[in-house]
1. Can you tally the net charge around Lys54? Count Lys and Arg as +1, Asp and Glu as -1, for every other residue whose Cβ sits under 12 Å from the Cβ of Lys54.
2. Specify whether the C-alpha gyration tensor of the chain places it in the rounded, prolate or oblate class, a ≥ b ≥ c being the square roots of the eigenvalues: rounded for a/c under 1.5, otherwise prolate if a/b is larger than b/c and oblate if not.
3. Using 0.36 nm per residue of separation minus the Cα-Cα distance, give me the extension gain between Ile70 and Lys14 in nm, one decimal.
4. What nm value, rounded to one decimal, do you get for the distance between Ala94 and Lys54 when each label is placed 7 Å out toward the C-beta?
5. For the cross-link pairs Lys55/Lys76; Lys38/Lys79; Lys21/Lys60, which exceed 24 Å when the distance is taken from alpha carbon to alpha carbon?
6. So which aspartates and glutamates pass the test for Lys7, namely a Cα distance under 13 Å, with those fewer than 8 places away in the same chain ruled out?
7. If you place +1 on the Cβ of every Lys and Arg and -1 on the Cβ of every Asp and Glu, how big does the dipole about the Cα centre of the stretch 1-92 come out, in debye to the nearest 20?
8. Among Leu43, Gly104, Leu59, whose Cα projects farthest towards the positive end of the dipole of the chain, with charges put on the beta-carbon of Lys, Arg (+1) and Asp, Glu (-1)?
Amino acid sequence: MKEPNYKPLPLSFKRAGYLIKLIQRTGHIALYEARNPKDCELLWGYIVAKIRNKKATTLKGGKVLSAREIFPPRSKFGKDGWFYMPTSLGTATAHFEALIAKEGSNLSSVPKSKKAA
């Protein structure tokens, strides 16, 4: 059976009161910065996240949502997402790299490395 093409997450998006912008991604492990959406100069912190795939879904009204990547919801932080304070980029980067090392060959099924410009 052919695996569906998953719509990738955008490089930046709003979530939970933050403007989330990709810094670096390897496979399904990503490092983001979280900024104030009203003042993009104000850095609120960093997020390390495991990006998951969600299969196509049909809603009750008949609308079809295509197969897509999803950012972890608040309820998954601590398991699939971690927030770091603005002064903790080194700690966030170390966690990002540790997750990549831990996942190893499981990263090969998604794009290898994506660095935001």
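1. Values: positive: Lys7, Arg52, Lys55, Arg68; negative: Glu69.
Result for the local shell: +3.
2. Working: a/c = 2.06, a/b = 1.29, b/c = 1.60.
Taking the square roots of the gyration eigenvalues as a ≥ b ≥ c, the chain is oblate.
3. Values: separation 56, 0.36 × 56 = 20.16 nm, distance 1.30 nm.
Full-extension gain reported as 18.9 nm.
4. Computed distance between label sites Ala94 and Lys54 equals 3.4 nm.
5. On the way: Lys55/Lys76 18 Å; Lys38/Lys79 29 Å; Lys21/Lys60 32 Å.
In this structure, Lys38/Lys79; Lys21/Lys60 exceed 24 Å between Cα atoms.
6. Glu69
7. Working: 18 positive and 6 negative charges, 113 e Å.
Dipole size: approximately 540 debye.
8. The residue sitting farthest along the positive end of the dipole is Leu59.
Taken together, the values in this text are just the output of simple stated rules run on the coordinates, not laboratory data. Computed from a predicted structure; not experimentally measured. So basically every Cβ, Gly included, is an ideal-geometry build from the backbone, and we count neighbours across all protein chains shown.
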